[in-house]
Amino acid sequence: MASSRLFLAAALLCLASSAQAFKKPYIVYLGSHPYGPDASAEEHARATQSHHDLLGSVLGSKQLAKDAILYSYTKNINGFAAHLEEEVATQIARHPDVVTVMASTMLKLHTTRSWDFMDMERDGQILPDSIWKHGRFGQDVIIANLDSGVWPESNSFTDEEVVGEVPKRWKGSCSDTAKYGVSCNKKLIGARYFNKDMLLSNPGAVDGNWSRDTEGHGTHTLSTAGGRFVPRASLFGYANGTAKGGAPRARVAAYKVCWSGECAAADVLAGFEAAIHDGADVISVSFGQDAPVATVASFLQEPVTLGSLHAAMSGVSVVCSAGNSGPLEDTVVNAAPWVTTVAASTVDRDFPNVVTLGNNAHMTGMSLETTTLHSTQLYSMIKASDAALASSDPAVASTCPPGTLDPAKVKNKIVVCVRGGDIPRVTKGMTVLNAGGAGLILANGEMDGDDIVADPHVLPATMITYREAMSLYNYMDSSKNPVANISPSKTEVGVKNSPSVAAFSSRGPSGTLPCVLKPDIAAPGVDILAAFTEYVSPTEVPNDERRSEYAILSGTSMACPHISGVIGLLKAARPEWSPAAMRSAIMTTARTQDNTGAPMRDHDGREATAFAFGAGNIHPNRAVDPGLVYDLSKEDYFVFLCAMGFNSSDLAKLSAGNFTCPEKVPPMEDLNYPSIVVPALRHTSTVARRLKCVGRPATYRATWRAPYGVNMTVEPAALEFGKDGEVKEFKVTFKSEKDKLGKGYVFGRLVWSDGTHHVRSPVVVNALD
């Protein structure tokens, strides 16, 4: 009998453990609160109690509900995150008060000279018409960064030159209580962390209850957006100069929602709510999902989409990275129309070095290495596949994973490793160094083409294009003793045909919302110098003991805060503008030409399209005075959601009862966006737009270049504005030409001009019949 009871107890324990194992974090979204941003603590407490009541009605008790809830979103977002079984989540989703329930997912981080290249200065001197002067360097604008935290000791965040006290509207703080936590000053005015979801989903990723940045990503992006001017900044002597944020006099706040490169959905939503409530003017987000949202039904089940919608409803601009899954099409993420989605482009700065072969041939590569080879010596070369350990597959060893190379074959030689294989590039160099190699040549594969990147390697190294790699292999295969030398790298500015679109930058069209062009805009995202944590090496390779206060990184993560900084300047210069007006000003004044006057190129040398760079590469000084803007209100976004298929019941919850879908819902293509997309043209289609005057009265006339195989007309073709703030409507009609169908997406443009201002919009059409 005793053994039977023991068995039963063990079985029950096993079942309980099994049930616990199937729990995971879910976000229950209820829409908006009926109260405003100045609600009392009592109202917030009542909202929390209502969440306990709702969940308790399903779980059977309020105490179980309290124990399960991770976050109650009570400030602007109405909902909660809880640790639940799938069956319970399904049951809650049927509740009439619930808009949607989403399982928590992991989002990924999308991981100087750039401001000079964008004409905000020239040779270190600020130009008279610079947006820096118009926007007072972002004075007292508040930029919030949702990322991996901040390294507060960085010179980019000291308050030595800050004028005035922290704005009284600011409600945030530095809440760390841990040893070595982050403390505030008059520049860095907020630092908070959110890890309750991550502690359940991946507890090993959490490095502590603090907002200190131990990865570097958050410090880099925040300083790019709003760091102060810091002279004599460099990475190991490269890119030496003054590090600058876009809005150097802005106040900045760090919200640590990402841990070990990942960001859990419930933590992200908590970060959004806190930043909105604390009083941020701009929220910068350099992370996103691995892949675009799959369906319209799941559109609001993505935390960045949901959090940014509430930000837009509160008048807060949200800027997001487009993702690093290029150059494939339909890879863009963070594609909601209420966010500004940023692609990555190059600047006119490179870090070249030269490979000299034994046959006296020369190849130009790229690197940020900190050690060099003897300049007069030629070193034997070996392919990594030929240097594999007996226990290693040569095909695997070709990409130089750790522990795959034979020291006896590699010692004192330059090793040629193939790019790719999910091995970080700097780790490949560490593999060669640990095996006794003298240097590294990182060779592109065919898919990589001419896209090469400068990395802070731990040994003499370079990266070469696919074309150069083929020449290198031919030399090595034809020589009994192939030898080479790698020269030291240098910093070179004024590189022609810049900017171009980075190969890694995610491309449109957006599979979920093909009627909205994404990305919106391109900004510098390649080899960007900005502040960094001193907790780890700039390479983030565990055995690399080098440290630097500044690092050079690439990614749409680096492009995003450039736009965040510019929007901070626009907020200071034009405080009456809405987030949509600021996005419009940036898009309609963008450039689509490089520094030679030729059309911007893609990574492969071909002309880039709007799916790669949106409206073009940012030109900040023009954005202060665009002449006209395409403006949007929260009601416009609500109508757009109605067109997507969300019903009046959903919109009533989202708007706290203040909005229902109109009887006649306009098509999604009529959203008043600064770009025009017709994703499925069948014979003929007409889209409507509104322009708002934000300058002097004038008459604007339309000119356009129709996409190939499409007839395009604009009615009326002239708009007369008699005063600032006046709004005029126009329509654009497209007709397909039957003998020119089947070309897929084709591209054109529309320009409104009064002779001084040129309000440009990209036009994209897919003519089906």
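Given the options Gly403, Ile452, Ala435, identify the residue whose Cα lies farthest towards the positive end of the charge dipole of segment 352-490 (+1 on Cβ of Lys, Arg; -1 on Cβ of Asp, Glu).
Ala435
Over the chain, what is the percentage of antiparallel beta bridges among all DSSP beta bridges, to the nearest 5?
65
Once you compute Rg and the Kirkwood Rh from C-alpha atoms, what is the Rg to Rh ratio for segment 24-103?
Rg/Rh for segment 24-103 comes to 0.95.
Could you give the nm distance between label points at Arg232 and Ser375, where each point is 7 Å from its Cα heading toward the beta carbon?
Reported label-point gap for Arg232 and Ser375 is 2.6 nm.
Given R₀ = 25 Å, what would the calculated FRET efficiency be for Arg696 paired with Arg136, taking r from the Cβ atoms and rounding to 0.05?
Step by step, r from the Cβ atoms, then E = 0.65.
Note down the magnitude of the dipole of the chain about its Cα centre, charges +1 on Lys and Arg C-beta and -1 on Asp and Glu C-beta and zero elsewhere, to the nearest 20 debye.
Using only the charged Cβ atoms, the result is roughly 560 debye.
Show me the GluC sites (Glu not before Pro) within segment 503-607 that DSSP assigns to loop and that have at most 11 other Cβ atoms within 10 Å of their Cβ.
The qualifying sites are Glu545, Glu576.
Probe of 1.4 angstrom, ligands and nucleic acids ignored: what's the accessible area per residue over segment 24-103, in square angstrom?
Each residue of segment 24-103 exposes 45 Å² on average to a 1.4 Å probe.
Give me the percent of accessible area attributable to carbon and sulfur for segment 308-363, probe 1.4 angstrom.
So the carbon and sulfur contribution to the accessible surface is 47 percent.
I'd like the carbon and sulfur percentage of the solvent accessible area for segment 122-224, probe radius 1.4 Å, heavy atoms only, ligands and nucleic acids excluded.
For segment 122-224, the apolar C and S fraction of the accessible surface comes to 49 percent.
If you take the C-alpha gyration tensor of the chain, multiply each eigenvalue by 5 and take the square root, what semi-axes do you get, largest first, in whole Å?
Each semi-axis is √(5λ); the values are 41, 36, 26 Å.
Ordering Leu768, Leu389, Leu70, Leu84 by how much accessible area each has at a 1.4 Å probe, largest first, what is the list?
Output order, biggest surface exposure first: Leu768, Leu389, Leu70, Leu84.
How high is the FRET efficiency from Asn434 to Arg682, r the C-beta distance, R0 56 Å, rounded to 0.05?
0.40
Between Asn481 and Leu328, how high is the FRET efficiency from 1/(1 + (r/R0)^6) when r is the Cβ-Cβ distance and R₀ = 51 Å? Nearest 0.05.
After rounding, the FRET efficiency stands at 0.80.
Kindly provide the chymotrypsin sites (Phe, Trp or Tyr not before Pro) of segment 514-613 that DSSP labels as loop, not H, G, I, E or B, and whose Cβ sees at most 11 other Cβ atoms within 10 Å.
none
For a quick protection proxy, order the peptides 145-158, 411-424 by their average other-Cβ count within 10 Å, most packed first.
Put in order of decreasing packing, that is 145-158, 411-424.
Using the Cα centre of the chain as origin and beta-carbon charges of +1 (Lys, Arg) and -1 (Asp, Glu), tell me which of Ala297, Ser584, Cys515 is placed farthest towards the positive end of the dipole.
Ser584
Can you spot the lysines whose alpha carbon is less than 19 Å from Lys383's alpha carbon? Ignore those fewer than 8 places along the same chain.
In chain and number order, the partners are Lys409, Lys411, Lys413, Lys428, Lys480.
Got a sec? Charge dipole of segment 126-193, +1 on Cβ for Lys and Arg, -1 for Asp and Glu; which of Gly190, Thr158, Trp132 is way out at the positive end?
About the Cα centre, the residue reaching furthest to the positive side is Gly190.
Based on Cβ point charges of +1 for Lys and Arg and -1 for Asp and Glu, what charge dipole magnitude is obtained for segment 24-103 about its Cα centre, in debye rounded to the nearest 20?
Around 40 debye, computed over segment 24-103.
Write down the accessible area per residue of segment 675-769 in Å², having rolled a 1.4 Å probe over the full set of protein chains.
49
How much length, in nm to one decimal, is gained on full extension between Glu607 and Val665, taken as 0.36 nm per residue of separation minus their Cα-Cα distance?
17.1 nm
Cα to Cα, under 30 Å, and not fewer than 8 places away if on the same chain: which lysines meet these conditions relative to Lys728?
Within the straight-line cut-off, Lys728 pairs with Lys518, Lys571, Lys634, Lys664, Lys692.
Convex hull over the alpha-carbon atoms of segment 530-652: what's its volume per residue in Å³?
223
I want the local charge near Leu570. Using Cβ-Cβ distances under 12 Å, sum +1 for each Lys or Arg and -1 for each Asp or Glu among the other residues.
Overall, the nearby charge balance is +2.
About its Cα centre, how strong a charge dipole does segment 352-490 have in debye, to the nearest 20, once Lys and Arg get +1 and Asp and Glu get -1 at the Cβ?
420
Send over a whole-number figure in Å² for the accessible area per residue of segment 457-600, probe 1.4 Å.
Result: 31 Å² per residue.
Please state the shape class of segment 352-490: rounded when a/c is under 1.5, otherwise prolate if a/b exceeds b/c and oblate if not, all from the C-alpha gyration tensor.
Note, shape of segment 352-490 comes out rounded.
Filter the trypsin sites (Lys or Arg not before Pro) in segment 679-766 to those in DSSP coil with at most 14 other Cβ atoms within 10 Å of their Cβ, and list the result.
Answer in residue order: Arg682, Lys723, Lys743.
Here is the link list: Lys23/Lys66; Lys23/Lys653; Lys24/Lys62. Which ones come out longer than 23 Å on Cα distance?
Over 23 Å Cα-Cα: Lys23/Lys653.
The values are calculated or read from the model by the stated rules, or taken from the named source; none is laboratory data. Nothing here was measured: the structure is a model prediction, and the numbers come from that model. Here the Cβ is made from the backbone with ideal geometry for all residues, glycine too, and neighbour counts use every protein chain on show. For the accessible areas, the whole protein counts, side chains as well, though only heavy atoms, and no ligand, DNA or RNA atoms are used. Shrake-Rupley method; radii C 1.70, N 1.55, O 1.52, S 1.80 Å.
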